[in-house]
Each structure stands twice: as structure tokens, then as C-alpha cells.
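Presented below is the structure to which this report refers.
The values are calculated or read from the model by the stated rules, or taken from the named source; none is laboratory data. For clarity, every value in this text was computed on a predicted model and none was experimentally measured. Please note: Cβ atoms are built from the backbone with ideal geometry, for glycine as well, and neighbour counts cover all protein chains shown.
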Amino acid sequence: MTESDRSASTIAAASGPVLGIETSCDETSAAVVLDGRVLAARVATQIPLHQRFGGVVPEVAARSHLLTILPTVEATLRDAGLRGPELGGVAVTHRPGLIGALLVGVQTAKALALAWQRPLIGVDHIAAHIWACHLQPTDAGVDWQPPKPPFAALAVSGGHTSLYRVDGPDAFTLLGRTLDDAAGEAFDKVGKLIGLSYPAGPVVDRLAAVGNAQRFAIAKGMTGRTDGAYSFSGVKTAMRLQWQTLQAAGEPTEHDRADLCAALQATIVEQLTRVTLQSMRRAGLRTLVVAGGVAANSGLRAALTAACRREGLRLVAVPPVWCGDNGAMVAVLGETLLRAGHRDDPHELDALPTGEARRLSLTATGS
Ligand code: KG4
Ligand code: ZN
């Protein structure tokens, strides 16, 4: 037993609701979860602050987190009717993300855990997105069950596009990832190019619903590979060329924009669906979880639903409300890890901007 294990284990075992804190990017969020049920959740979004820059400005994000984190935590506890010392533990995203932004959440969580004498757990942001599949949907029937490991999990966000085999809350094996841009990044960059506001993903989703996906011919990506890799730089270039052609012919219309969005979304969704199912077949996995900001995309949800039905697979799509960054996903993963006996020393937990997640075994099996 290390020094840090010893000091952490002097704090009582976790039972009771867990507070989750998430500040890795542009949402200051907190939530309280008990047995996978969300008792309270707050998100103080920074999107309007960053919109005029067309993307997240790290220093602005960190300063804003600093101003809003304590009021957000206080409001969440008030909503849940709880005081800090009544919690079973405090969970916080400590990696990966913007370092200044992460530090605010981590330092706050450490201080609160020490002040309240509650156990602390640092969680990985991508693992938390995936573990949001354990949050009970509000419309869950009595026999709703979270997916049982092993299952496949597609994490699609602004920073990540990766498929994992999940064997437990601390056992993730990488089956495939993007070679270049993340899917959300492709949505955001193409959206910015054609004049949509940040973040463009939800706007593309809305416009795609009224656009004609057939008008612009965009080649399918990664058809020749069978190693589980994704790639979205090709679709980005194809969209730029189409946009330049439209501009050369005059001022592009709303109609043009909607058709481009429909083509962009169809191309990204087709590749995500095809490559994911191919990898699942190879790995012999029968359940798919889809999580992360892009998992809210209506086209992706529809395509995965149809493909999984066709192949007799179970699809667990994280409810749209928990797809973007939120405290509930952090709390539910924290709850699982704390109950399994994991702890972090509040004097030692670090914020880490990148790198392999400490509790993920990222073994690439594609070749
Ligand atoms: O998970 P998230 O909130 O933050 C990261 O961890 O990156 O994901 C944000 C990403 C952004 O790229 C945003 O444009 C995208 O998710 N997104 C969407 C949709 N809603 C959010 N992309 C496509 N369709 C959507 N409905
Ligand atoms: Zn995220």
C-alpha cells in the first residue's frame, strides 16, 4: 500500500450520492447521482463567451470556470437537498482536456473532498462520456438495465472519435480511432467555413434535416481499410472544394448550406456506422454504446438504430441530454469506481491535459 493509498483509505467508504464535477472544456457542470439516477444537475455553458471567436479560447474558459464553479456546485447541492458532508464522494474529470480548465475542477474537488472529509476520485473524460450509458433514462421502464460488459463503445465528440471494447469501469481496450480529425471537429470546422455559429454540430444536424444529401457527391471515407480506423479530413477537403465552387458561382444560399450540411452529415454518419459495425463483428461484440457530443446527432442515432436492428445487436445510445459535457456522467462513473474501492489522494490528484488515461488500458488491436 502506498502512502497515498493509506491516507486516502482513512476516509470512510463511499455510500450515498456522488457529486460529479466537469470543467475540461467549455461547460462548467456539476451533478449528483445515486444508483445511476440523476438527483440534480446544472450546466453553466460558456458557449456564448466563445462564439465570437469561432471556437474555445482556453484562457477565457479557465477564467469563466473559476467564476462559476462554486455557485454551480452550491446550486446543484441545493437542488438535490443535500449538504456536502452527506455525500458518498466527490468525482472530478482530471483528464484529458484544457489544462487551465481542468485545474479549476480538480482543485475545487480536492478542496471540497478535504473540507467535507469525503472520498475523492479523478475520472477520465472519455470514460465518463461512455459510462453515461449507466445513467437511467427518465423514461426507463421497470426492466431497464445498463449494458453489461463486454460491450463496444463509440466515443464521438469534439476532440475524440474512438471505439473501445469495455470490460468494466476501469478496463477499456482501444479497437479503433480517427487518424486525423474527430467527427465533432469535422462538423465544427466545415460549419465554420460555411458561416455557421460555434459549435456547428447541432446547427448542421438541424439544416441537414431539410437539405438534399444527394446533391453533392462526396466520396465515402476509409472504404479500403479493415483495421478499425476512422478519418474525416477527406470529407472536410471535399466540402471546402464544393463550397469554393459555389462561391465562385455567386453568393451561396441557405438552400446550398442545407444541402452541404446534409451531405456532410450523411458522409460522417455512413463512415461511423460502417467502420463501427465492422470492428464489432471482428471483435465478436453484440452491444454498442454510443456517447459524446456527436452522439446527439439525429442522423447518427437513426443510422446506428437501423444497422443494429438489421444485425440483431443491442444499441444503447446515451440520452441526448447527457451526450454533451455534463457532471452526471462524471458522477455515475465516480459512483461505480468509488463503490469498487477506488480512491485518489486529495493531496496528489493531478490535472493532465493529454496522454493515456490512467485507468484505461489503451491497447490498439487494429493493425
Ligand atoms: O462531448 P462534447 O460536448 O465535448 C467534447 O468532449 O469535445 O462534444 C462537443 C462536440 C462539438 O464538436 C459539437 O459540434 C458536437 O459535439 N455536437 C454535435 C451535435 N451536438 C453536439 N455534432 C453533430 N450533431 C449534433 N446534434
Ligand atoms: Zn466531452
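Condition check ((1) modelled with pLDDT under 95; (2) within 16 Å of ligand 2 (Cβ to nearest atom); (3) assigned to a helix (DSSP H, G or I)) across all residues:
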site: V92; (1), (2), (3): no, yes, no
site: G100; (1), (2), (3): no, no, yes
site: L103; (1), (2), (3): no, no, yes
site: K110; (1), (2), (3): no, no, yes
site: L114; (1), (2), (3): no, no, yes
site: V123; (1), (2), (3): no, yes, no
site: A128; (1), (2), (3): no, yes, yes
site: A132; (1), (2), (3): no, yes, yes
site: Q136; (1), (2), (3): yes, no, no
Every pair of residues 6+ apart whose Cβ atoms lie under 7 Å, when the first sits in region 164-189 and is free of Cβ contacts under 8 Å to residues at least 24 places away in the same chain while the second is assigned to a loop (DSSP other than H, G, I, E, B): D167/P149; D167/P150; G168/P149
Residue match in region 152-174 (condition: closer than 16 Å to L260 by Cβ, within 9 Å of ligand 1 (Cβ to nearest atom) and under 17 Å from the mean Cα position of the chain (by Cα)): no
Count of residues meeting criterion [under 16 Å from I268 (Cβ atoms), touching a Gly at 6+ places or on another chain (Cβ under 8 Å) and away from ligand 1 (no atom under 16 Å from the Cβ)] in region 175-226: 3
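If you take the residues in region 21-74 that are in a loop (DSSP other than H, G, I, E, B) and either among the acidic types (D, E) or within 16 Å of ligand 2 (Cβ to nearest atom) (or both), which one is surrounded by the fewest Cβ atoms within 10 Å (Cβ to Cβ)? Walk me through how you get there before you give the answer.
From region 21-74, those in a loop (DSSP other than H, G, I, E, B) are 23-26, 35-36, 46, 52-57; that's our starting set.
Of the ones still in play, those that are also either among the acidic types (D, E) or within 16 Å of ligand 2 (Cβ to nearest atom) (or both) are 23-26, 35, 46, 55-56.
Details: T23: 37, S24: 29, C25: 24, D26: 26, D35: 11, Q46: 22, G55: 14, V56: 19.
Checking each candidate, the answer is D35.
Quick grid of which residues meet (1) exposed (fewer than 14 other Cβ atoms within 10 Å of the Cβ); (2) without any contact (Cβ under 8 Å) to a residue 60 or more places away in the chain; (3) acidic (D, E):
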| position | (1), (2), (3) |
| --- | --- |
| L114 | no, no, no |
| R118 | no, no, no |
| D124 | no, no, yes |
| A128 | no, no, no |
| W131 | no, no, no |
| Q136 | no, no, no |
| D139 | yes, yes, yes |
| V142 | yes, yes, no |
